[in-house]
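Take a look at the structure below.
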Amino acid sequence: MSQDSGGSPHQSASITDRHKELPPLVRGPYRRRIGLISIIACLGGLLFGYDTGVINGALRPMSDDLGLTTLSQGIVTSSLVFAAAFGAFFGGRLSDRLGRRSAIIVLAVLFFTGTVLCVAAPGAGILVVGRIMLGLAVGGASTVVPVYLAELAPFEIRGWVSGRNEVAIVSGQLAAFVVNAILGNVFSDLDGVWRLMLAVCGIPAIFLFFGMLRMPESPRWLVDQGRYDDALKVLQTVRPLDRAEAELREVILVAEETGERERSGITTIVADKWLLRILLVGTGVAMTQQLTGINSIMYYGQVVLIESGFEANAALIANVAPGIVAVIGGLIALYMMDRVDRRTTFTIGLTLTTSCHVLIGVASIVLPEGNPARPFVILALVVAFVASMQTFLNVAVWVWLAEAFPLHIRGLGIGIAVFFGWIINGLVALFFPSLIAAVGISGTFFLFAVIGAIALVFVITQVPETRGISLEKLEEGVSSGTVYDFKAARAERDAGVSSAGQ
C-alpha cells in the first residue's frame with residue numbers, strides 16, 4: 001500500500017535515526033517518580049469509573065425515594081454521559097490552554113462539587129444538575145489524564161504507564177458495584193441509601209485535588225509553550241539525565257521541523273488530509289469502543305441479569321462478577337500493552353466480543369424464561385464479554401487515543417474523538433432499556449454483533465500501529481501519512497527496536 005508521504009525520505013530517515021540514538025532507560029528513582037505521578041493522576045480514572053458505575057445499583061432506591069418515572073430515570077442516567085461528551089471536548093481544549101496538570105486540578109473541583117449536589121439533591125432537577133457537573137468532570141478526565149500520562153512516560157513503557165488509567169476506571173466501577181451491593185443489601189431499609197452510595201466518590205476527589213498540586217506539568221506541553229527550561233527540569237525527574245536532554249532535543253527538533261509550533265484549530269485539521277484522516281480514524285476507534293455495548297452492562301447490568309432470570313437482590317450481588325473480571329482483564333491488558341501490538345489486541349478483542357454477543361443472543365433464545373440454567377448461562381457469557389472487552393479493547397483504546405494525535409492537535413483531536421465516543425455512550429444509556437423491552441436480550445445482542453463485525457473490518461483496514469514508537473516519530477508518520485502503510489511502518493519499527501537492543 002503506497003502512500004504520498006508529503007515529506008522527503010531524508011527527513012523521515014533522520015527522525016528514525018534520532019529515535020534509535022536515544023540513550024536507553026536504566027534503573028533509577030525516575031521510575032518511582034513516574035509511578036507516583038500515575039497513581040495520583042489515575043484517581044481521575046477511579047472517579048470516572050465510580051461515577052459511571054454507581055448508578056447501576058443506586059437507580060432503583062433513588063427512583064423510589066424521589067419518585068422518578070421511567071423517562072426521568074433515563075434522563076438521570078444519560079445526563080452524566082451526554083455531559084461527558086462536552087467535558088471530553090472542552091477538557092481537551094482546556095488542557096491545551098492551561099496545561100494538563102492544571103486541567104486535572106479543575107476537574108477535581110468539578111468532581112467534588114457535582115458529588116455534593118447529587119448527595120444533597122431534594123429532587124430530580126438538582127440531581128440532574130449534579131450529574132451534569134460530574135459528567136463534565138468524567139469527560140474531561142477521559143481525555144486529559146491519558147494524554148498527561150502518555151506525554152510523561154518514556155515510549156518504551158508508555159502503554160504500561162498510560163494504561164493504568166483504564167485499570168483505575170474499571171477499579172472505580174468495581175468499587176461502585178461492591179459499595180452498591182453492601183449498602184443495598186445491609187441498609188436496604190434505610191431511606192436515602194443511594195445518597196451514601198454517591199457520597200463515597202467525594203473522598204478520591206479531595207485526594208486528586210491536593211495530590212495534583214504537587215505533580216509536574218507535562219514536559220511536551222511545556223515545550224509546546226516554548227518553556228524549554230521548565231520542560232527539561234520535569235524530564236530530569238522522570239528520565240535518566242542523559243535521556244532527558246536527548247529526548248528534549250528530539251521534541252524541540254520535531255516541533256521545528258513540522259512547522260506547527262502554533263496550536264492548530266479545526267480548520268487546520270480539515271485542510272490537511274492526513275490530520276483529517278487521523279481525526280476520523282480516532283473518532284471511529286472511540287465510537288467502536290462504545291458500540292460494543294460494554295456500558296450497557298456497566299450501567300444496566302442489574303437490569304440485564306433481572307431480565308435473564310435473577311431476583312433483584314441476587315442480580316445486585318451477581319453484578320459484582322463483571323466488575324471483578326474487568327479489573328483482572330485490565331491488569332492482564334496492562335501487562336500486554338508494551339508487548340503486543342495495538343492492532344493485534346483490537347482485532348482479537350473485537351473477534352471475542354462479537355462472538356460473545358452472538359452466544360448471548362443464542363442462549364436467550366435456546367433457554368426460555370423459567371429455565372433454571374438461563375440466568376447463570378447468560379451471566380457467564382456476560383462475564384466472558386466483559387473479560388474480553390477489558391483484556392483486549394478498553395485499555396488499548398484509551399492508550400491508542402492518547403498516542404495517535406500529533407502534539408499541536410492532541411488536545412483537540414482526542415477531545416473530538418472522545419466527544420463522539422461519549423455521544424454513542426449516551427445513546428446506548430438512553431435507549432438500551434427501550435431496546436431490551438422492544439426486541440429482548442437476543443435481538444439487542446445480535447445487533448451489537450453486527451456492529452462488531454463492521455468495526456472489525458474498520459480496525460483491520462484503517463487503524464495505524466502506535467506501540468513501541470516515540471510520540472515524535474508517530475507525529476512524523478501521521479503528518480506524512482506513512483503510518484497507514486502498515487507493513488512498512490511495522491518493519492521500520494521492528495528494525496528500530498532491533499538496533500536499539502544491539
Under the Karplus relation with 6.51, -1.76 and 1.60 and θ = phi - 60°, whole-Hz ³J(HN,Hα) for region 436-451, x at Gly and Pro, equal 4, 5, 7, 10, x, 4, 4, x, 4, 7, 5, 4, 4, 5, 4, 4
Within region 283-326, which residues have the backbone N less than 19 Å from the label spot 7 Å out from A373 along Cα→beta-carbon, could you tell me?
-> 308-310
Grab the eigenvalues of the alpha-carbon gyration tensor for the chain, scale each by 5, take roots, and send me the semi-axes largest first in whole angstrom.
-> 39, 25, 19
Rg/Rh for region 326-416, where both radii come from Cα atoms and Rh is the Kirkwood radius | 1.14
For region 82-88, Karplus couplings with θ = phi - 60° (6.51, -1.76, 1.60), whole Hz, Gly/Pro x = 5, 5, 4, 4, 6, x, 5
Extended-chain gain in nm, criterion 0.36 nm per residue less alpha-carbon gap, I328 and S102 = 78.2 nm
Relative compactness, region 381-502, computed as alpha-carbon Rg over 2.2 N^0.38 Å = 1.33
Return the long-range amide H neighbours of D338 (sequence gap of 5 or more, or a different chain), with a cut-off of under 5 Å between placed amide H atoms.
-> W160
Overall Cα dimensions of region 243-355, principal axis frame, Å, largest first | 63, 36, 24
The helix 43-53 Cα axis meets the longest alpha-carbon principal axis of the chain at an angle in degrees, between 0 and 90 and rounded to 10, of 30
Label-to-label distance, nm, for residues given as V340 and R490 (7 Å Cα→Cβ offset) | 1.5
Extension gain, L280 back to V109 (0.36 nm per residue minus Cα-Cα distance, nm) = 58.4 nm
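What's the long-distance tail for region 84-199, i.e. % of Cα pairs beyond 17 Å?
Counting pairs separated by more than 17 Å, the tail of P(r) holds 63 percent.
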Rel. contact order, % - alpha carbon contacts under 8 angstrom, at least six apart, region 85-201 = 29
Contact order relative to length of region 310-404, as percent, for alpha carbon pairs under 8 angstrom and 6 or more apart = 48
Gain on full stretching of the segment that runs from V26 to L190 - 0.36 nm per residue minus C-alpha separation | 53.5 nm
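Please give the per residue volume of the convex hull enclosing the alpha carbon atoms of region 340-391, rounded to a whole number of Å³.
So the per-residue hull volume is 50 Å³.
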Whole-Hz ³J(HN,Hα) from phi, Karplus 6.51 cos²θ - 1.76 cosθ + 1.60, for region 373-382, glycine and proline x | 7, 4, x, 6, 5, 5, 4, 4, 6, 5
In vacuo Debye sum over C-alpha of region 201-261, base-10 log of normalised intensity I(q)/I(0) at q = 0.14, 0.25, 0.27, 0.28 Å⁻¹, listed in q order, is -0.49, -0.95, -1.05, -1.09
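Rule-based calculations on the coordinates, nothing more; no lab input. Just so you know, these numbers come straight off a predicted model, no measurement behind them. As a convention, Cβ positions derive from the backbone with ideal geometry for all residues, glycine included, and neighbour counts pool all protein chains shown.
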